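Participant: Let me begin by handing over the structure; questions about it come next.
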Amino acid sequence: MKKLALHWQILLGMVLGVLVGLIMTQFDGGKEIVKDWVKPFGTIFINSLKLIAVPLILASLIKGVSDLKDISKLSKMGGRTIGLYLITTVIAVSIGLLLVNIIKPGNSISEETRQELVSNYSSDAEKYSDEASIQKESGPLQALVDIVPDNIFGAASENKNMLQVIFFSIFFGIGLILIPEKKSKPVKKFFDGFNEVILKMIDLIMIASPYGVFALLAALVVESPSIDLFKALAWYAFTVVLGLIIIIVFYNLLVFIFAKRKPSFFMKGISPAQLLAFSTSSSAATLPVTMERVTEHLGVEEEVSSFVLPIGATINMDGTSLYQAVAAVFIAQAFGMDLSLSVQLGIIVTATLASIGSAAVPGAGMVMLVIVLAQAGIPEAGLALIFAIDRPLDMCRTTVNVTGDAVVSMIVAKSLGKLHEPKVKD
Ligand code: ASP
C-alpha cells in the first residue's frame, strides 16, 4: 500500500482527534479519560518540538550567518527581511480594519449575551490584562533593551527569550565571519554538523506528529466551554477567519508575482507546517517544521531560511495583527463605541507593534491585545467578550503567521538568487 503523505496523515490525526473528543464528551468520565490518558501525549509532542527550538536557532543561525561570508550580504538580506515583514503586517492590519468596519460583528451582540460573557470570563481577562500592564509600564525603548541578554545561558533557558537567542546567534555568526578562516573553520564545521543532527531530530519528531495532533485536538475538544457562547461570537470569528483567508490569497499572489511559483506548489510544500501551526497554536513550536519544509520542499537555500524564518517566527505575525485589529474594533462596537478615523489609524500602529511584541506561543496575541485596547481607549473588560473563542482563532492566526514567514523567505531568496528547484518533490 502506498504510504499516505505526511499532511494527510496529520489531517487524519486532527479529524480523528476532534471525533474522539466529541464522542468522549458524551458520557460520564469520558472527559477525564481524555485528560488523563490522551492529553499527556499531546503535551509530550509539543514539548519535544519546543525542546528543539533553542538549539535549532543557535545552530542554524550561526551556520546561516557564517555561510554569508561577508557582512554586506547580511545587511542586504536583513533589510529586505525586516522591510517585507513590516509591509505585510501593516497590510494585514488594514485588511482587518476594513472588514470589521464593513461587517460590524459587534453590533449583533445583545446586551444579555454581553453580560453573560463578561461575567463568565472576567477573571481570566484580568489575568491577561495584569500580564499586559507589566509590559505597558516599561519605557518606549524597553523592547530594544529586551533583545540583548546579559547572560546567554539565562536567555537560552527560556523559550520566550527567542529574540535574545537570535541576537546572540547573529552576533556570534558575525564574529565568526570576521576572524581568519583557519581559526573559524573548525567552529563552522562543528555547527554544520550540529545543525544536521537537529534537522534529523525534527524528522524523527515529525514521524510522531499525526499522533501528537490527534492527542492535542481530542484534549482541546473536551476542554472547550459551552457551544452556546461560541454561537454569540460566530460573526466576530467569521470576520477574523475571512480576513485570514484573504491574507492567504494575498500571500499566494505575492509568491506567484515575486517568487514565480504556483500557488499549488507553495501550498503543498508548506501545508504540514500550517497544519502543525493550527494544532499547536505556536509559531515557535512549528519553527523546526517550517524550516524543513521551506528548505527541502520549497527550494529556499538554507542560508536564507535559517536567517529569515527564526526572526519571522518571533516578529512577523500577520494573522495576529489582523486579529488584534478586528478584536479591538469588535469590542468597541459591542460596547457601543464609535471609533474615529484617527483612533483607527492608531490601531494600525499599535497592532503592528503589538504583533511584533507577541511571543510565538498560544494566547500571546490576546495578552498584547490589551495594549491595543488601552491605546485606543477601549475598555479592557471587553477581553472577556472574546475569551471563549480565542483558542480556535489562535489556531487559525498562527497558521497565517507561519505561512507569512515562508512567503517572505521565498521572496527574499528569489531576490538574492537563492531560490531553486526543491530537493524533495511532493
Ligand atoms: N499563537 C500565535 C503564534 O504563536 C501568537 C498569537 O497568540 O497570536 O504565532
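Participant: Kindly indicate which of L369, L385 is in contact with a Leu (Cβ under 6 Å, 6 or more places away or on another chain), modelled with pLDDT under 90 and closer than 14 Å to V326 by Cβ.
Facilitator: Unique residue meeting the criteria: L385.
Participant: From the list I87, I71, I147, which one is of a type outside the set (D, E), modelled with pLDDT of 95 or more and under 30 Å from S306 (Cβ atoms)? First the steps, then the outcome.
Facilitator: Values: I71 fails: modelled with pLDDT of 95 or more; I147 fails: modelled with pLDDT of 95 or more.
None of the other options fit; the residue is I87.
Participant: Mind checking which residues of the stretch 366-380 are in contact with a Phe, Trp or Tyr (Cβ under 9 Å, 6 or more places away or on another chain) and either more than 28 Å from E112 (Cβ to Cβ) or more than 8 Å from the ligand (Cβ to nearest atom) (or both)? Give the derivation first.
Facilitator: Narrowing the stretch 366-380 to residues in contact with a Phe, Trp or Tyr (Cβ under 9 Å, 6 or more places away or on another chain): 366-367, 369-370, 378-380.
Within the stretch 366-380, V367, L369, V370, I378, P379, E380 meet the criteria.
Participant: Determine which single condition D390 fails, assuming it passes every other condition in (1) within 16 Å of the ligand (Cβ to nearest atom); (2) at pLDDT 85 or above; (3) of a type in the set (D, E).
Facilitator: Among (1) within 16 Å of the ligand (Cβ to nearest atom); (2) at pLDDT 85 or above; (3) of a type in the set (D, E), the lone unmet condition for D390 is (2).
Participant: Follow-up. Going through the stretch 54-84 one residue at a time, which ones are within 16 Å of F168 (Cβ to Cβ) and touching a Leu at 6+ places or on another chain (Cβ under 6 Å)?
Facilitator: Answer for the stretch 54-84, where residues must be within 16 Å of F168 (Cβ to Cβ) and touching a Leu at 6+ places or on another chain (Cβ under 6 Å): S66, L74.
Participant: Spot the failing condition for D405; the list is (1) under 30 Å from A259 (Cα atoms); (2) at pLDDT below 80; (3) among the charged types (D, E, K, R), and only one is missed.
Facilitator: (2)
Participant: With a cut-off of at least 1 residues that are free of Cβ contacts under 8 Å to residues at least 40 places away in the same chain and more than 16 Å from the ligand (Cβ to nearest atom), name the helices (runs of 4 or more DSSP H) lying wholly within the stretch 279-363. So that I can check it myself, show each step before the final result.
Facilitator: Working: elements: 283-292, 302-315, 318-334, 341-357.
Ranges flagged: 341-357.
Participant: Taking the stated definitions as given, is K260 more than 21 Å from V361 (Cβ to Cβ) and in contact with a strand residue (DSSP E or B) (Cβ under 9 Å, 6 or more places away or on another chain)? Please lay out each step first, then the result.
Facilitator: Working: more than 21 Å from V361 (Cβ to Cβ): yes; in contact with a strand residue (DSSP E or B) (Cβ under 9 Å, 6 or more places away or on another chain): yes.
It is true that K260 is more than 21 Å from V361 (Cβ to Cβ) and in contact with a strand residue (DSSP E or B) (Cβ under 9 Å, 6 or more places away or on another chain).
Participant: Buried (at least 17 other Cβ atoms within 10 Å of the Cβ) and among the basic types (K, R) - does that describe any residue in the stretch 265-273?
Facilitator: yes
Participant: Okay, next question. Can you pull out the residues in the stretch 229-245 that are within 14 Å of F330 (Cα to Cα), among the aliphatic types (A, V, I, L, M), assigned to a helix (DSSP H, G or I) and at pLDDT below 95?
Facilitator: Of everything in the stretch 229-245, those that are within 14 Å of F330 (Cα to Cα), among the aliphatic types (A, V, I, L, M), assigned to a helix (DSSP H, G or I) and at pLDDT below 95 turn out to be A232, A234, A237.
Participant: With surrounded by fewer than 24 Cβ atoms within 10 Å (Cβ to Cβ), away from the ligand (no atom under 16 Å from the Cβ), within 28 Å of L98 (Cα to Cα) and modelled with pLDDT of 90 or more as the only criterion, which of I248, I257 stands out? Lay out the reasoning, then the answer.
Facilitator: Working: I248 fails: away from the ligand (no atom under 16 Å from the Cβ).
After ruling out the rest, the residue left standing is I257.
Participant: Considering only the stretch 26-49, I want to know if a residue exists there that is touching a residue at least 12 places away in the same chain (Cβ under 8 Å), of a type in the set (D, E, K, R), part of a loop (DSSP other than H, G, I, E, B) and farther than 21 Å from A285 by Cα.
Facilitator: No, there is no match, as no residue in the stretch 26-49 is touching a residue at least 12 places away in the same chain (Cβ under 8 Å), of a type in the set (D, E, K, R), part of a loop (DSSP other than H, G, I, E, B) and farther than 21 Å from A285 by Cα.
Participant: I'd like the full set of residues that are at pLDDT below 85 and of a type in the set (A, V, I, L, M, F, W, C), limited to the stretch 171-200.
Facilitator: I198, L199
Participant: Determine the pairs where a residue that is within 19 Å of N47 (Cβ to Cβ), located within the stretch 149-169, has a partner that is modelled with pLDDT under 85 and in a loop (DSSP other than H, G, I, E, B) with Cβ atoms under 8 Å apart, the partner being 6 or more residues away or on another chain.
Facilitator: From the stretch 149-169, the pairs are N159/V361; K160/A359; K160/V361; M162/A359; M162/A360.
Participant: Also, I was wondering about something else. If you go through the stretch 73-85 one residue at a time, do you hit one that is over 30 Å from F153 (Cα atoms) and within 19 Å of the chain's Cα centre (by Cα)?
Facilitator: yes
The values are calculated or read from the model by the stated rules, or taken from the named source; none is laboratory data. Every value quoted in this text rests on a predicted model; they were computed, and no experiment measured them. Neighbour counts run over all protein chains shown; Cβ positions are idealised from the backbone, glycine included.
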